[in-house]
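Undergrad: Just dropping this structure here.
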Amino acid sequence: MMSSFIYRVRRLRAEAMLAHPCTHQYAFVGMGSHSMANLYPVLNLLHVPLKYICIRSSHKAKLISSNPAFKHIVVTTSLDTVLSDPVLSAVFVSATPSTHYHIASSVLRQGKALFVEKPPCQTLSQLESLIALQESIGSYVQVGLQKRYAPAIRKLKSCLKGGTVCNYSLRYCVGHYPEGDAITELFIHPLDLVLHLFGSADVMVLRQASSHTLVMMLSHGNVVGTVSLSTGYSWATPVEELIVHTRAGVYTLSGIDTLTFQPMDGSFVGIPMEKICHSNVSVEYLCRHDSFSPTLQASTWVEHGFYHELKDFVDHVEGNISSWVTKDRPSLQSLRPTYQLINTCLRQL
């Protein structure tokens, strides 16, 4: 009885991954290390049929064309060739960040659905231009800010509902980033995260602690937070930690995959209970990385949000009903507060 039940559950899981074949045609612009490590594998898991791969390098195009894994895909260096195909429904864009605005604009003008990796553009004015273009054409756009889809962050946002947050602190410290603009290409993730969790913010304090470190204090209405962003550390030992103090206790998000909650002991006539009666510290793990089970749910693609963000986009293009709340999707419009905050950082530094 038990063995047949386990077999049935496993069979249903496997069938669920095959149950919704894609009927539309897709193209991918770009093939860098990030795309090959995180996006292409997920698209393969989702059985997304890529008709085109468009890249800038003719040498890389020849390498891809000669690879049997891509034998059914048209590889080209011409974006116009891709976008002029009337059968094509949607385009994934993950190229050099500085080219995203131009490519995204071209995709929207052709009326294709667009998935564009962060950052979709470099400035607030470019974002407004993309929003105006999207609204005039009516195409669907989703921005690749996968942290919004990470299970630990979704769990944290759910726990913070009810207005019990007092304050928070966030540290995002990585290694040097000479290949691009750190604020728009790296710091967009933590800045978007705090706005996603706590709402729009006013900048109370902004200081450049060094040539590679920003420290700021943000006000989200009744919630105040401190944010430290730096490229002066190491890529081998990056620091990404968010500590949220609420009236009920303290939530700690370590990295993207571990979320804990430590309840407050309370007080008696102003005296902390932990000073009156000593007790063991209670820490509850709300999300924790599963490094043992070789399953999809335990994979880094799910834990970091890549799987569900791409599935959400494909589901929308295919017309499938998604359980994701529309207002939480990283749309161009939802990035206005993020780019306004980025614009403030760039103006004051």
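Every number here is computed from the coordinates shown, using simple stated rules; none is lab data. Small disclaimer: the values here were computed from a predicted structure and weren't measured. Glycine also receives a Cβ, built like all others from the backbone with ideal geometry; neighbour counts cover every protein chain displayed.
Undergrad: Go through the range 153-246 and name the trypsin sites (Lys or Arg not before Pro) that are in a DSSP coil and have 14 or fewer other Cβ atoms within 10 Å of their Cβ.
TA: Values: sites: Arg154, Lys155, Lys157, Lys161, Arg171, Arg207; in loops: Lys161.
Passing sites in the range 153-246 are Lys161.
Undergrad: Quote to one decimal, in nm, the extra length available between Asn222 and Ser57 on full extension: 0.36 nm per residue of separation minus the C-alpha distance between them.
TA: Working: separation 165, 0.36 × 165 = 59.40 nm, distance 5.03 nm.
Stretched fully, the Asn222-Ser57 segment lengthens by 54.4 nm.
Undergrad: Just one of (1) 0.94; (2) 1.01; (3) 1.09 is Cα Rg over 2.2 N^0.38 Å calculated from these coordinates, so which is it?
TA: For Cα Rg over 2.2 N^0.38 Å, the calculated option is (3).
Undergrad: Throw me the Rg/Rh for the range 151-298, computed over C-alpha atoms with Kirkwood Rh, two decimals. Spell out each step's value before the answer.
TA: Details: Rg = 17.4 Å, Rh = 17.1 Å.
Rg/Rh: 1.02.
Undergrad: For all pairs of alpha-carbon atoms in the range 33-74, what percent lies in each bin of width 10 Å, listed from the first bin to the last filled one?
TA: Once binned at 10 Å, the Cα pair distances of the range 33-74 give 26, 61, 13.
Undergrad: For Gln333 and Ser84 in the same chain, what is the full-extension length gain: residue separation times 0.36 nm, less their Cα-Cα distance, in nm? Intermediate values should be presented prior to the final figure.
TA: Working: separation 249, 0.36 × 249 = 89.64 nm, distance 2.67 nm.
Full-extension gain reported as 87.0 nm.
Undergrad: Determine the sum of side-chain charges near Trp235: Lys and Arg each +1, Asp and Glu each -1, restricted to other residues whose C-beta is under 15 angstrom from that of Trp235. Each step should come with its number before you reach the end.
TA: Values: positive: none; negative: Glu179, Glu185, Glu240.
Its environment carries a net charge of -3.
Undergrad: Share of antiparallel DSSP beta bridges in the chain, in percent to the nearest 5? List each step's numbers first, then the result.
TA: Numbers: 39 of 66 bridges.
Taking every DSSP beta bridge with both residues in the chain, the antiparallel ones total about 60 percent.
Undergrad: Note the direction-averaged projected area, equal to a quarter of the hull surface, for the Cα convex hull of the range 153-236, in nm².
TA: Numbers: hull surface 24.0 nm².
If you wrap the Cα atoms of the range 153-236 in a convex hull and average its projections, you get 6.0 nm².
Undergrad: I would also like to ask the following. FRET efficiency for Ile321 and Thr213, Cβ-Cβ distance as r, R0 = 45 Å, nearest 0.05? Don't skip to the end; give the middle numbers.
TA: On the way: r = 45 Å, r/R0 = 0.99.
Rounded to the nearest 0.05, the efficiency is 0.50.
Undergrad: Counting pairs of alpha carbon atoms under 8 Å apart in space and at least six apart in sequence, what relative contact order in percent does the chain give?
TA: Across the chain, relative contact order equals 17 percent.
Undergrad: Students often get this wrong: which residues of the range 42-62 have the backbone nitrogen under 19 Å from the point 7 angstrom along Cα-to-C-beta of Thr77?
TA: What the label zone holds, given the 19 Å backbone N cut-off, is 52-62.
Undergrad: How would you order 77-83, 287-293 from highest to lowest mean count of nearby Cβ atoms within 10 Å?
TA: Numbers: 77-83: 15.9, 287-293: 12.1.
Averaged packing, sorted descending, gives the order 77-83, 287-293.
Undergrad: Which residues in the range 169-185 place their backbone N less than 16 Å from a point set 7 Å from the Cα of Val239 along the Cα-to-Cβ direction?
TA: Under 16 Å, as judged by backbone N against the label point of Val239, lie 169-176 of the range 169-185.
Undergrad: Next question. Largest first and in whole Å, what are the equivalent-ellipsoid semi-axes of the range 2-146 based on the Cα gyration tensor, each being the root of 5 times an eigenvalue?
TA: Numbers: eigenvalues 183, 79, 43 Å².
For the range 2-146, the semi-axes come out at 30, 20, 15 Å.
Undergrad: For the range 2-146, what does the relative contact order come out to in percent, with C-alpha contacts under 8 Å and a separation of six or more? Can you show the working numbers first?
TA: Numbers: 199 pairs, mean separation 29.3, N = 145.
Answer for the range 2-146 is 20 percent.
Undergrad: Greater than 23 Å separation of Cα atoms is the criterion. Which listed pairs, Lys155/Lys311; Lys118/Lys157; Lys112/Lys147, meet it? All intermediate terms of the calculation are to be shown ahead of the outcome.
TA: Working: Lys155/Lys311 19 Å; Lys118/Lys157 21 Å; Lys112/Lys147 25 Å.
Violating the 23 Å Cα-Cα cut-off are Lys112/Lys147.
Undergrad: Run the numbers for Asn44 and Thr123: contour at 0.36 nm per residue of separation, minus the present Cα-Cα distance, in nm. Before the final figure, lay out each step's value.
TA: Details: separation 79, 0.36 × 79 = 28.44 nm, distance 3.26 nm.
Contour length minus the Cα-Cα distance gives 25.2 nm.
Undergrad: Sort 216-222, 143-149 by the packing proxy (mean of other Cβ within 10 Å over each peptide's residues), most packed first.
TA: Details: 216-222: 16.7, 143-149: 23.9.
Highest mean packing first, the order is 143-149, 216-222.
Undergrad: Between the range 224-253 and the range 176-223, how far is it from one alpha carbon centroid to the other, in angstrom?
TA: 12
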